[in-house]
Structure formats: structure tokens, C-alpha cells
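Asks: If you scroll down you'll find the structure; I have some questions about it.
The values are calculated or read from the model by the stated rules, or taken from the named source; none is laboratory data. Owing to the predicted nature of the structure, the values given are computational and were not obtained by experimental measurement. In this analysis, Cβ positions are derived from the backbone assuming ideal geometry, glycine residues included, and neighbour counts consider all displayed protein chains. Surface accessibility is based on the protein's heavy atoms, side chains included, excluding ligands, DNA and RNA. Shrake-Rupley method; radii C 1.70, N 1.55, O 1.52, S 1.80 Å.
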Amino acid sequence: MNTKNNQKVRLSEKLGLFMVYAGNIPLMTLLSAYFLIYYTTVVGLDPMGLSTLFLISKVVDGVSDPVMGFIMDRFPVTKRGKFRPMLVLGTIICVINYILLWFGAAWSPVGKYAIVYVTYLLLGWTFDIMDISKNSLVPVMSADSKERNSLSLFAALGTMAGAAVLGVVSPLIVAEATLENYYILIFGSMAMVLVLSLVGVTFVKERVGFEGKKEEKYSLKELVSFLRYKPVWSFFILALVAGTGSTIAGGAGTFFYTYVMGDLTLASGVTAISLVAALIGIFLGPILANRMGKKNVYLLCIVISIIFTALRLIDVRSMTLIYISSLCGGIAGGCLQPLNTSIQADNTTYVQYKTGKRAEAAIASLTSFITKVAQGLGGAIPGYVLAAFGFVEGSVQQPESINTGIILCVLILPMILTGLGAILFGTQYTLDKKAVEEMHASLAEGKQE
């Protein structure tokens, strides 16, 4: 490792990381929340066909993510670092593809499904370049555990800031559900992506350098073998099932406020409350983690989140219960955000501790793969459920049975999936506070297991 590993990270670098994470958020957030309702109500495509697209894309991503991570870990170290140049390139390519994904089918009189399928599948590859680079930054910015917690805090704040702008403004922009409204939303958000990502990356410094040793490199076979370690696979499975539940809820949320509540603009106020609460949680997360350990805090927050989601089942249309759930669940969810990034960094270090391999992009690519599989499954399930409950594409009026399917997606399925993931994580994840401290101490002395 570089002798500068323990150097403190400047505030300007943390703010740059904040901007990079904020700039990454609009891409998949808007897809999760609005893609299905946009293409079924504005463009008039079948929800079943779109759900099949979500699933097919994840088969493609199963190849693209690990391969892209493998390639990026072999990307030469330039004067600007290993991951920063790729982040710039990935951002520009991804934004162009993203605009075509949203409007290519709307602009074309024929071949609408073909356009949506091709551009959506291409997004899996173009987003990889941007997202894997972003997810690789924290491990190379510092090797110090407390600095990583601090960096993870700024990453989570950036994520929350990006989500805050979208969550509050988006329902107000597209409440009338016209193509022109979506022009404003998508082109505006892509300008946000470009500015924040390209400016933010100029402040980031890759401090934990590669020494270029042959033994630090790994093969594709070894990349797959990284998954055999309990901390890695148990956290990935948690991320998969909890992420699937969250995406189901997010994708069905616009349908919930549109059809169950009858007013999409209500989502704006609920989102504002959730994000203010999440801000509190984001600051609490690292503080609690330093005292209790990341694993214990993570499990506690999941339990709190499930309890307050279940509270809404008392009366699903009660705005009071929705606000209470959003406030308390938002604090718990906010605590989880910095811990996600910090745990990923610990898992990256754990792979190095066990194997001697530097695999930041490998773990980041596997993280990206898990995230996109969760988004694919979570994006597909609401479409299949809505189709099963009789959703009529392109129609303002829907049968009463749709409400049952929407509630199933917004509340019940997310609780079940998150609970299952928490049980597995709690019983299988082995990197508690003591184990993390011992691992970092051994690596600082030049030792590995």
C-alpha cells in the first residue's frame, strides 16, 4: 500500500465525493419511480412487456458487471488516477443513452418496443462505467476506518441530496402526465447529472495507490471466488432482497398516490418528510457505528424500518400514518445509507486481507450487479402484479382490484423481503467492530491472513 494511506482527506475532496454521489442518483431513481407509469400511461405500452424487459436486462447485466469490473481493475493508473477518468467518460456516455431510453420510443412512430429494449439493455453497460467508478472511490481515497466512515457520510449526504431534489420536485412536474412534463424532468435531471458528476470528480483524490505488484492482480476465476467469503456474499444477498423490496415500493409508489390516494402531488410532501428524517439518520449512522459497530446498527435500523412500514397497514389511506412512517422509517433508512458504502469498503479490504488482491472495481462491479438485479426484479414485479390485477394501459380509470395489487407492492412484499435479508445478514455476516479493527491493524503492519 502507499505510504500516504493514513493521510487525512480534505473537506474539498469530501464535497467532491458528495457531488459525484448526488449526480449519480437521478439515473436509476427516475427509472425505478417513473419508467413504468410513464411508458404505460403516456406512451401506452403494455406493463407485462416492460416487466419482461426488466428481467431480460438483468441476464445481460449478469455478464456486463463482473466483466466491466475486471476490465476497470486493469485500467492503467493515470496522472488523474484509475477511476476518475472512467467516471467522466461513463457519465457522458450514460447520459446520452439515458435520454434515448426515455424518448426514443416516444419520438418514433414504429418499433417502440425495439427501441426501449435496445436502449434499456445498453444502459446496463453504459451505467456500469459510471457507477463502478463511483463505487470504487471510497476504498482508494483512504484506508483509515474513521475516514471511510466520514467519506461514507458525505456519499450518503450526496445520495440524499440528489434524491431530495428529485423526490420533491418530480411529482409536481409530472403530475399531469404529459410528454412535455417528462421533457422537463428528464432533460433537467440529466443536466444535474452532468454538472455534479463532472465538477465533483475534479476535487476527488485517489490516495490509496496501487503498487503495481503482479500478486495484486486477479483473474476472472478469482473474481468469482471472492463471493465465497461470508461478509461478501451475505451483504450482497441482503442488498439484493432489500433492494428488490425497496424498488418494488418505489416503482409502485407513483401508482399508489395516483390511484389509491388520487393525487400524485401528495408524494412530494411525503418525500420531503422522509428526506429530512433521512438527513438526521445519515449523521447518526456513522456515530452509532463507531460505538456499536456497523452490523449491529444496520440490523437495528432494518427492524425499525419494518415496524413503521407495518404501521401503515392499520389504514393505508391515512396521511397521518404515512407521515409517521415516513419520519421514523426515514431516520432508520438514513442511518443505513453511509453504512452501505462503508461496509462495501470493509468487504473490499477483507478480500485484500484474505487474498492479497486489490479488487476495488471487482467488489464495486459486483455491488453494481446486485443493485441492478434488485432494480430489475423490483421493477418487473409491480408490472406483473398490476397486469394480474387488471391494469388497463393508457387509461385514466382503473378497476378497483388494482388497489389491492398496489398495496401488496408498496407495503407487504417489501417488508417480507427486507426481513428475510436481515435474518441472513444477522446470522452470516462476520465482520463485527472488533474483526474490522483487527483486519485494518494487520494490513497496516503489512500482514494478511
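Asks: Using only the alpha-carbon atoms, what does segment 365-405 span along each of its principal axes? Please give whole angstrom values in decreasing order.
Replies: Cα extents, longest axis first: 42, 19, 11 Å.
Asks: Once neighbouring chains are kept in place and the probe is 1.4 Å, which whole percent of the accessible area of segment 249-377 is contributed by carbon and sulfur?
Replies: On the way: 2940 of 4340 Å².
The value for segment 249-377 is 68 percent carbon and sulfur by accessible area.
Asks: Pairs of alpha-carbon atoms within less than 8 angstrom and 6+ residues apart define the contacts here; what relative contact order does the chain have, in percent? Each step should come with its number before you reach the end.
Replies: Numbers: 703 pairs, mean separation 128.6, N = 449.
Dividing the mean separation by the residue count of the chain yields 29 percent.
Asks: Next question. Would you mind computing, in nm to one decimal, how far apart the modelled labels at Arg80 and Lys354 are, each placed 7 Å from Cα along Cα→Cβ?
Replies: Going from the Arg80 label point to the Lys354 one covers 3.5 nm.
Asks: Still on this structure, I have one more. Can you find, among Gln337, Thr349, Ala387, the residue sitting farthest towards the positive end of the charge dipole of segment 320-449, where Lys and Arg contribute +1 and Asp and Glu -1 at Cβ?
Replies: Ranked along the dipole, the leading option is Thr349.
Asks: Only helical DSSP H runs with n ≥ 4 go in: add -39500 (n - 2.57) per run for the chain, normalise by residue count and round the 222 nm mean residue ellipticity to 500 deg cm²/dmol.
Replies: Details: 16 runs with 330 residues, N = 449.
After summing the helix terms and dividing by the residues of the chain, the value is -25500 deg cm²/dmol.
Asks: Rank by packing, highest mean first: peptides 114-126, 172-184, with packing defined as the count of other Cβ atoms within 10 Å averaged across residues. Mind dumping the intermediate values first?
Replies: Values: 114-126: 19.1, 172-184: 15.1.
Ranked from most to least packed, the peptides come out as 114-126, 172-184.
Asks: Another question, if that's okay. Assuming R0 = 45 Å, what is the FRET efficiency of Thr265 and Lys434, from their Cβ-Cβ distance, to the nearest 0.05?
Replies: Details: r = 49 Å, r/R0 = 1.09.
Result of the calculation: an efficiency of 0.40.
Asks: Using a 7 Å offset from the Cα along the Cα-to-Cβ direction at both Leu420 and Tyr113, what is the distance between the two label points in nm, to one decimal?
Replies: For Leu420 paired with Tyr113, the spin-label model returns 2.9 nm.
Asks: Mind checking which helices in the chain clear 15 Å along their axis (Cα) and have mean Kyte-Doolittle hydropathy of 0.0 or more, DSSP H runs only?
Replies: Values: long enough: 11-30 (30 Å, 1.00); 47-73 (38 Å, 0.99); 84-107 (34 Å, 1.59); 112-135 (33 Å, 0.59); 145-174 (42 Å, 1.06); 179-200 (31 Å, 1.68); 230-255 (38 Å, 1.10); 266-292 (38 Å, 1.70); 294-311 (26 Å, 1.71); 319-355 (52 Å, 0.27); 360-388 (42 Å, 1.04); 413-428 (23 Å, 1.44); 433-444 (17 Å, -0.29).
Within the chain the helices that satisfy the rule are 11-30, 47-73, 84-107, 112-135, 145-174, 179-200, 230-255, 266-292, 294-311, 319-355, 360-388, 413-428.
Asks: Per 20 Å bin, what is the whole-percent P(r) computed from every C-alpha pair distance within the chain?
Replies: 26, 59, 14, 0
Asks: As an exercise, use a Förster radius of 35 Å and the Cβ-Cβ distance of Val60 and Asn296 to find the FRET efficiency, rounded to the nearest 0.05.
Replies: Details: r = 37 Å, r/R0 = 1.07.
E between Val60 and Asn296, to the nearest 0.05, is 0.40.
Asks: Another question, then. Would you mind checking the pairs Lys82/Lys434; Lys205/Lys230; Lys230/Lys357 and listing those with alpha carbons more than 24 angstrom apart? Write out the running numbers ahead of the final one.
Replies: Numbers: Lys82/Lys434 31 Å; Lys205/Lys230 31 Å; Lys230/Lys357 17 Å.
Listed pairs above 24 Å: Lys82/Lys434; Lys205/Lys230.
Asks: Separate question: Which whole-number percent is the relative contact order of segment 297-419 (Cα, under 8 Å, 6+ apart)? All intermediate terms of the calculation are to be shown ahead of the outcome.
Replies: On the way: 78 pairs, mean separation 33.9, N = 123.
Reported relative contact order: 28 percent.
Asks: Additional query: Heavy-atom accessible area per residue, the chain, 1.4 Å probe: how many Å²?
Replies: Working: 17540 Å² over 449 residues.
Value returned for the chain: 39 Å² of accessible area per residue.
Asks: At R0 = 56 Å, how high is the FRET efficiency between Ser318 and Leu198 if r is their beta carbon distance? Nearest 0.05 is fine.
Replies: Working: r = 44 Å, r/R0 = 0.78.
In this case the efficiency is close to 0.80.
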